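Have a look at the structure below, then the notes.
The values are calculated or read from the model by the stated rules, or taken from the named source; none is laboratory data. Predicted, not measured: the structure shown is a model, and the values here were computed from it. With ideal geometry, Cβ positions are generated from the backbone for all residues, glycine too; neighbour counts draw on all protein chains shown. These area figures cover heavy atoms from the full protein model, side chains too; ligands, DNA and RNA do not enter into them. Shrake-Rupley method; radii C 1.70, N 1.55, O 1.52, S 1.80 Å.
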Amino acid sequence: DVKVTQSSRYLVKRTGEKVFLECVQDMDHENMFWYRQDPGLGLRLIYFSYDVKMKEKGDIPEGYSVSREKKERFSLILESASTNQTSMYLCASTPHGQGKASGKNIQYFGAGTRLSVL
Amino acid sequence: KQEVTQIPAALSVPEGENLVLNCSFTDSAIYNLQWFRQDPGKGLTSLLLIQSSQREQTSGRLNASLDKSSGRSTLYIAASQPGDSATYLCAVRPGDAGGTSYGKLTFGQGTILTVHP
């Protein structure tokens, strides 16, 4: 069974703290993504990575950075947490390329991390 | 820029009803469309994926159709049950012969479904 695991379900941090959100997938997928989800705004892409050490900005990268040192792990870093980063954070992965088999391109999500910054 | 719209934003139905959720997208150059389910406070679970060359996909009581040329997809839920209560999201993956999209999805805002006994 495929699995995307986020290290924490709930986190409470203080303003100004450096925060690490970890995501691990066991499907050998090339592409990994970090989204945040807020009421009324839907899912917004923060960063994604298409290979080890490769990263691309999404729609809302400000205040965030990422790290991908190993294929299976993709970390989201809040350099100095602020209250407007209180949100649900979702990690996802999918294989690269556009194969013929319909099941190859499903995007799989982790359970989410609800972060509160006080 | 691709935009995805889901109608209605919320739907409340009695148990046993058949229902249809709608998804529309502005750019028909998609590779596939995926329907997800999200329970409160949880991550997304993939329900159905339709490739751009397909017209529909079925899984149990769920049937998703795709009309790429008109930019529309529907998710049909037969004989709804209280356990179907959740938020349903659709998302499109761009058609990308050059491989530069890396599977990025554009999501709709979701339809909140409540099935009451």
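Checking each residue in region A:83-99 for being more than 9 Å from chain B (Cβ to nearest Cβ) and either in contact with a Leu (Cβ under 6 Å, 6 or more places away or on another chain) or modelled with pLDDT of 95 or more (or both) picks out A:T83, A:N84, A:Q85, A:T86, A:S87, A:Y89.
Scanning region B:1-30 for residues that are touching an Asp or Glu at 6+ places or on another chain (Cβ under 6 Å) and not β-branched (V, I, T) yields one hit, B:Q2.
Only one of the listed residues (B:G60, B:G71, B:G41) is within 14 Å of chain A (Cβ to nearest Cβ) and on the phi > 0 side of the Ramachandran plot. That residue is B:G41.
Residues are listed down the side, and each one gets a yes or a no for (1) of a type in the set (A, V, I, L, M, F, W, C); (2) open to solvent by less than 30 Å² (accessible area, probe 1.4 Å); (3) modelled with pLDDT under 95:
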| residue | (1), (2), (3) |
| --- | --- |
| A:I77 | yes, yes, no |
| A:S80 | no, no, no |
| A:A101 | yes, no, yes |
| A:Q107 | no, yes, yes |
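The residues of region B:1-24 that are within 28 Å of B:Y102 (Cα to Cα) and within 11 Å of the chain's Cα centre (by Cα), listed by number, are B:V4, B:T5, B:Q6, B:I7, B:L21, B:N22, B:C23, B:S24. Looking across region B:69-94, the residues that are open to solvent by 40 Å² or more (accessible area, probe 1.4 Å) and either assigned to a strand (DSSP E or B) or within 23 Å of A:P95 (Cα to Cα) (or both) come down to B:R72, B:T74, B:Y76, B:P94. Among the numbered conditions (1) in a strand (DSSP E or B); (2) open to solvent by less than 30 Å² (accessible area, probe 1.4 Å); (3) farther than 30 Å from A:L115 by Cα, the only one that B:N22 does not meet is (2). Across region A:35-47, a minimum of one residue is classified as under 13 Å from A:Q6 (Cα atoms) and under 12 Å from the mean Cα position of the chain (by Cα). Each residue in region A:6-57 was checked for being at pLDDT 95 or above, open to solvent by 30 Å² or more (accessible area, probe 1.4 Å), among the aromatic types (F, W, Y) and out of contact with any Lys or Arg (no Cβ under 8 Å at 6 or more places or on another chain), and 1 pass.
Taking region B:29-53 as the range and being assigned to a loop (DSSP other than H, G, I, E, B) and either at pLDDT 95 or above or open to solvent by 50 Å² or more (accessible area, probe 1.4 Å) (or both) as the test, the residues that pass are B:A29, B:D39, B:P40, B:K42, B:S53.
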